[in-house]
Amino acid sequence: MKFILLLILVGCTTGEIETPDSPQCSPRFVYAYPQGERVISETESYCLCRPYRFSREYIGAVGASERLPIGFCDKLIGWPPNEYVKKATFWEQVRRAIQDEQP
């Protein structure tokens, strides 16, 4: 609970609505069938990451995707927790800005 309150306070004190570009990643699994059994190929599977931007002017991918070893996506789809906090704070700032502009 204290963490949520701290997040709200930090979000309220920042004047600009933006967050630094950061990679958005997701695993791509390639399957192999040794002896007829389906298994994930560790050598052919990979992690696909692309730079992503959140700003007042643009939200979305801003560059080419990069193939990284599958281990890079270990327990990760999207953003790491610390980056997700930045994104959630951004979304809250945008929501408040829109609310403040309503007549």
Within the range 38-66, of all residues that are within 25 Å of THR19 (Cβ to Cβ) and among the basic types (Lys, Arg), the one surrounded by the fewest Cβ atoms within 10 Å (Cβ to Cβ) is ARG56
Considering residues that are modelled with pLDDT of 80 or more, assigned to a helix (DSSP H, G or I) and surrounded by fewer than 14 Cβ atoms within 10 Å (Cβ to Cβ), the number found within the range 67-83 is 1
For the range 58-74, pairs from a residue that is under 20 Å from ILE40 (Cα atoms) to a residue that is basic (Lys, Arg) and modelled with pLDDT of 85 or more, with Cβ under 9 Å and 6 or more apart or across chains, are ARG67/ARG28; ILE70/ARG28; CYS73/ARG28
Residue count, the range 7-60, condition among the small types (Gly, Ala, Ser), modelled with pLDDT of 85 or more and not in a helix (DSSP H, G or I), comes to 5
Taking the range 22-62 and keeping only residues that are touching a helix residue (DSSP H, G or I) at 6+ places or on another chain (Cβ under 6 Å) and closer than 16 Å to PHE90 by Cα, one is left with SER22, PHE54
If we keep only residues of the range 79-98 that are hydrophobic (A, V, I, L, M, F, W, C) and farther than 18 Å from GLU57 by Cβ, then the residue nearest to the chain's Cα centre (by Cα) is TRP79
Over the range 66-103, the set of residues among the basic types (Lys, Arg) and on the phi > 0 side of the Ramachandran plot is LYS75
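The values are calculated or read from the model by the stated rules, or taken from the named source; none is laboratory data. As the structure is a computational prediction, the values presented were derived from the model and not from experiment. Cβ atoms come from the backbone with ideal geometry, glycine included; neighbour counts cover every protein chain shown.
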